[in-house]
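Participant: The following block contains the structure, expressed as structure tokens.
Derivation of every value follows stated rules applied to the coordinates shown; laboratory data play no part. Just so you know, these numbers come straight off a predicted model, no measurement behind them. Here the Cβ is made from the backbone with ideal geometry for all residues, glycine too, and neighbour counts use every protein chain on show.
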Amino acid sequence: MKLRGWWVGAAAFALLLPLQAQATLFVFTVALNGANEVLPTVGDPNGFGTATLTIDDATAPFPTISWNITTGNIVLPPTGAHIHQGAAGVNGPVRVDFSGALIGGGLQDADLVGVLAAPNGWYVNIHNSVHPGGAIRGQVPEPATALLLAAGLALLARRRA
């Protein structure tokens, strides 16, 4: 009899525990090159790279970002590495600063909410001593997680038809 009461109490306690929020990781792969720089900045014509951005939207009070940026044919170290707010072909202000680090994580920033809401309104920019206005730049595309979800939904819809 006592054992049964213990199980009932444990079950009731478990039901009263708050449900833990499920994190959604948004992964963006950004192609970087010098031709994407916007005048008056002239980027490195031979420069290229890739920025992989992972944003976790379940951290409080704001999302966190981890990043891994690889570069080719540009002078290193970078003098700046960050995310700007601006559409393709438009220069914009720095909003998420990586402090010149090409690899990092755990950076919490309120502006990441905007990146998640409208990714193509933001760009990654890498600056160096030769190209202080920006050596390579790339527009943030739609996240890979959203593309995978869309592909999965399309596959389900096709299967039902």
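Participant: List the residues whose amide H sits under 5 Å from the amide H of GLY80, counting only those 5 or more places along or on another chain, with H placed 1.01 Å from N in the peptide plane.
Facilitator: HIS127
Participant: Over the range 28-84, what relative contact order in percent results from Cα pairs under 8 Å that are six or more residues apart?
Facilitator: Reported relative contact order: 29 percent.
Participant: With Cβ to Cβ distances under 13 Å as the rule, what net charge do the other residues near THR64 carry (K, R +1; D, E -1)?
Facilitator: Numbers: positive: none; negative: ASP56, ASP57, ASP109, ASP111.
Net of charged neighbours comes to -4.
Participant: Stretch SER99-ALA144 to full length: gain in nm at 0.36 nm per residue minus the Cα-Cα span? Display every interim value, and only then the final one.
Facilitator: Working: separation 45, 0.36 × 45 = 16.20 nm, distance 2.53 nm.
Taking SER99 through ALA144 to full extension adds about 13.7 nm, to one decimal.
Participant: Along the Cα-to-C-beta direction of ASP57, a point sits 7 Å from the Cα; which residues of the range 100-138 have their amide N less than 11 Å from that point?
Facilitator: Label zone hits: 113-119.
Participant: Working from the alpha-carbon coordinates of the range 37-142, get Rg over Rh, Rh being the Kirkwood radius.
Facilitator: Working: Rg = 13.1 Å, Rh = 13.7 Å.
Result: Rg/Rh = 0.95.
Participant: From the backbone phi of the range 135-143, what are the Karplus-calculated ³J(HN,Hα) couplings (6.51 cos²θ - 1.76 cosθ + 1.60, θ = phi - 60°) in whole Hz, Gly and Pro given as x?
Facilitator: With the stated coefficients, the range 135-143 comes to 8, 9, 8, x, 6, 6, x, 4, x Hz.
Participant: Bin width 10 Å, alpha-carbon pairs only: give the P(r) of the range 61-105 as whole percents, running from 0 to the bin holding the largest distance.
Facilitator: Spelled out per bin, shortest first, that is 23, 47, 29, 2.
Participant: Here's a follow-up. Any idea what the relative contact order of the range 27-137 is, in percent, if you count C-alpha pairs under 8 Å spaced at least 6 apart?
Facilitator: 33 percent.
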